Amino acid sequence: MTRDRRDAILDQDWSAAWETLPEAPPLVPRPKTAQVTLRIPTRLLARIKAVAAAKSLPYHALARAWIIDALRTLSPPVNSALVDEPQAEQMNIKLENESLDDLKSRADELRRPYHRLAREWIEAALTREEESLGIEPSPAGRPAIKDLMVLLLHSQSRRGDDAIRGMTRLQKLLFVVEQKLASEHSHFYAYNFGPFSEEVNDAADALRLAGFLRGSEAVKAQPPSFAEMMATAEERRGPGDEAEAREFALNERGHEAAERLRQSSRAYDQLFAYIRQLRQEWDSPRLDQLVDRIYEKWPNFTEKSQIREKVKSRSARKRRS
Amino acid sequence: MPRPPLHHIVRVRRSEDLTFIRPGVMDEIVVNANQLENSPESTATALRETTLPYSIDPVLTRFQVPEWWKNDKGETKRNYARLGAAYVKGTSIEIAAGPLLQTVPNDKEWGILAANVIEYQRNRLVQIRPQMELFRPELRPVRLMAPALVAFTDAEDRINHLLAEAGAEAAGEAVALPIVVPPDRLRVVGELDRILDSAPSEGISSYFLWTPGVTEGVLLNDRALLGGVLHLVSKLAERNIPVGHMHATYVIAALHDIGISAVIHHMGWIDKGDPADENRGGLRSCQTYVPGVRHCVRFDQARALGYSLDAAAYLERFCNCTFCTGSFDAGQHPLDLLLEDRTVQIRNRPDRLSPTSRAVALNTWHYLLSRHQEVEAFSDQPAVDVLASDIARAAALAGASEGDLLRRLADELHTA
């Protein structure tokens, strides 16, 4: 640069241009110290989790990204389709202080509570993502217990075990899956030992009769041989005579059927991913741990339980210790 | 004219029964609608896998008396609630609010109810998706059954007539018609004729009799009751419409010559006379079916009758079903398996013996196979010949007195 040119730049009045310059980014980002706590319907949370699983992202991070995106694009408010549903779940979203400030000022401009605005933006973004990913809000409307059971048995517990020991554990795990999926009409109801559905027993029988469970063969279209008659008798030995728990596990044919089901649609693939995650989270080694968690989380399904008080005092003891 | 073969139909009353439905042991299945509501998925799976023809018994009688559809706590069972809801769709009927005769307000609603019952049989299993398999054939019943009530009085006769006609009209084809006669009316020929008069023949493909509460022992020891059954069967057979029995025994199969063409029985071998109310279950008693005497006996009696026999004598006198034959071939006495029991502790009561689960399953096979042999025998030969052979067999196994009841039946058939 020549001396004349340098002098010309220095002599120029830069005050107007200064105002138009973008703000320099901070050298060190401000900590994400702010948090917004949203109350949302169970069904909405389940859908967020399903989309997050499809994108292999943590669902909190995904929800935060949707809020920030809505702030950046100055999204308008959207009326919620789930306005009548009870907001039974809680979601804590960490935001940078500035983002929270922006959310509040945008909510103020739109004359809406900022929690509501954030929830509406999340719901709108969720619907868009579901459409682009081809995920139905609930696969086939309401997944049959039989399908949920097949996918549950196709997954593994945290111990790497695919077998589920005992009808009680199978009942309770499917109850958790169904509640987390937040079906509008539950297959389960409050019964003598907490949540129960006879559809679980029926589905397990169906899998056994179809020859999908370990130790079972499909019912045949030929007269039974002596060996087959003995096999049906041996299959039943145990539950009626000893305290031994029945084991539910898919055999090779069952896993093949489960894989076909999983691959039958994107929605089922996502459903499987979600069920696998739930099993890791809930299939605890001890049955009483699973039962106690369920009694605590879904007390309305324990109203008729004969062991309600026992479970309550056991949980209280655990908390004290 | 050659006699039509005797058709063997087995009733599915509970989920455990589904394991035992197999060709070669029966010709057809009838599923109780309350059981179907309890286990639709497993029932559909079993029917698809076995490929056996099936029909559905709508069990409308269960809604006739409150005790027949309630559980021990006095609540309506969930499967009955679902079934009832399907039956009263589009009506003002509160099906579990009281006895059915009092809760259906008019004939029009009886007609809608009949149409709903037909629709239920036709479509209930079609709604069940195959088990992760594609291109499986749809499940369609081989016959549709008109709904019917236990014919306690003329009032039920009138409704039954109406239900039969409305059922046939809704089906658009001839339907099977249950005729359910309580013991009081079964004794009186005049009452039977009134029932017969009220049973239409137009639009009817077959009749299915049932006499709730009448055990085989009672039937053979009460000439009036046996006479009533013979009267009903022979009069209906005169209409040239097939006659079956909804809860048949050996005695009913023996009536093939006078008009019975199908027998239905469930998988329980202890004869309780099949009352119209729901079986309450309870601890199983230690009894096994002994084909040699054509009734069930206690385990200790069965041991006394069968253990001392060598394999050849056992197969000739006690039982030669595929299970018993196979057991000997496998080097094991069948009674070791059939009579296996265990002690059950009951609070504040003395311990009891009950069959093991394995013995229950094997007794079920043994019973079904034995019944199938009986049906085949009556299907192939005149009843008097079958009875003569069975009387000799019973006498050889358990003494001359065991043949007395069968002899009485043979006498009645001879007279008839």
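The values are calculated or read from the model by the stated rules, or taken from the named source; none is laboratory data. Model, not experiment: these values are computed from the prediction. We place every Cβ from the backbone using ideal geometry, glycine too, and count neighbours over all the protein chains shown.
Before moving on, here are some points about what is shown:
- Those residues of region B:394-409 which are under 21 Å from residue B:221 (Cα atoms), surrounded by fewer than 23 Cβ atoms within 10 Å (Cβ to Cβ) and in contact with an Asp or Glu (Cβ under 9 Å, 6 or more places away or on another chain), in sequence order: B:395, B:405
- Every condition in (1) at pLDDT 95 or above; (2) in contact with a strand residue (DSSP E or B) (Cβ under 9 Å, 6 or more places away or on another chain); (3) more than 30 Å from residue A:231 (Cβ to Cβ) is met by residue B:346 except one, and the failing one is (1).
- Those residues of region B:39-49 which are crowded, with 23+ Cβ neighbours inside 10 Å and either under 13 Å from residue A:207 (Cβ atoms) or at the interface with chain A (Cβ under 7 Å from one of its Cβ atoms) (or both), in sequence order: B:39, B:41, B:42, B:44, B:45, B:46
- The single condition among (1) surrounded by fewer than 18 Cβ atoms within 10 Å (Cβ to Cβ); (2) not in a helix (DSSP H, G or I) that residue B:109 does not meet is (2).
- Per-region count, region A:267-287, residues in contact with a helix residue (DSSP H, G or I) (Cβ under 7 Å, 6 or more places away or on another chain) and assigned to a helix (DSSP H, G or I): 13
- Among residues of region A:168-224, those that are aliphatic (A, V, I, L, M) and surrounded by fewer than 20 Cβ atoms within 10 Å (Cβ to Cβ), counted: 4
- Scanning region B:382-393 for residues that are surrounded by 15 or more Cβ atoms within 10 Å (Cβ to Cβ) and not aliphatic (A, V, I, L, M) yields a total of 2.
- In a residue-by-residue description of region B:81-99, the property of being within 14 Å of chain A (Cβ to nearest Cβ) and among the charged types (D, E, K, R) applies to at least one position.
- Verdict on residue B:377 being more than 22 Å from residue B:23 (Cα to Cα) and either not in a loop (DSSP other than H, G, I, E, B) or not hydrophobic (A, V, I, L, M, F, W, C) (or both): no
- Residues considered: B:256, B:247, B:231. Of these, the only one that is surrounded by 19 or more Cβ atoms within 10 Å (Cβ to Cβ) and assigned to a helix (DSSP H, G or I) is B:256.
- Taking region A:1-68 and the helices (runs of 4 or more DSSP H) fully enclosed by it, the elements with 1 or more residues that are touching a helix residue (DSSP H, G or I) at 6+ places or on another chain (Cβ under 9 Å) and either modelled with pLDDT of 75 or more or exposed (fewer than 10 other Cβ atoms within 10 Å of the Cβ) (or both) are at A:42-54.
- Residue within region B:171-194 that is crowded, with 17+ Cβ neighbours inside 10 Å, basic (Lys, Arg) and in a helix (DSSP H, G or I) present: yes
- Condition broken by residue A:230, with the remaining ones in (1) farther than 28 Å from residue B:284 by Cβ; (2) buried (at least 17 other Cβ atoms within 10 Å of the Cβ); (3) more than 7 Å from chain B (Cβ to nearest Cβ) satisfied: (1)
- The criterion of at least 1 residues that are within 14 Å of another protein chain (Cβ to nearest Cβ), of a type outside the set (Val, Ile, Thr) and crowded, with 21+ Cβ neighbours inside 10 Å is met by the following strands (runs of 3 or more DSSP E) wholly inside region B:267-368: B:349-355.
- Answer from A:227, A:221 - the residue that is part of a helix (DSSP H, G or I), over 30 Å from residue A:51 (Cα atoms) and in contact with a helix residue (DSSP H, G or I) (Cβ under 9 Å, 6 or more places away or on another chain): A:227
- Pairing residues of region A:294-316 that are within 20 Å of residue A:282 (Cβ to Cβ) with residues that are among the polar types (S, T, N, Q) and loosely packed, with under 13 Cβ neighbours inside 10 Å, at Cβ distances under 8 Å and at least 6 apart in sequence or on separate chains, gives A:305/A:192.
- Looking only at region B:18-31, and only at residues there that are surrounded by fewer than 23 Cβ atoms within 10 Å (Cβ to Cβ) and within 14 Å of the chain's Cα centre (by Cα), the one that is farthest from the other protein chains (Cβ to nearest Cβ): B:28
- Evaluation of residue A:83 against (1) aliphatic (A, V, I, L, M); (2) surrounded by 14 or more Cβ atoms within 10 Å (Cβ to Cβ); (3) modelled with pLDDT under 85 (one fails), failing number: (2)
- Among the helices (runs of 4 or more DSSP H) confined to region A:142-215, the ones with at least 1 residues that are modelled with pLDDT of 90 or more and within 11 Å of chain B (Cβ to nearest Cβ) are located at A:145-154, A:198-209.
- Qualifying residue in region B:296-311 (condition: within 27 Å of the chain's Cα centre (by Cα), small (Gly, Ala, Ser) and farther than 25 Å from residue A:223 by Cα): yes
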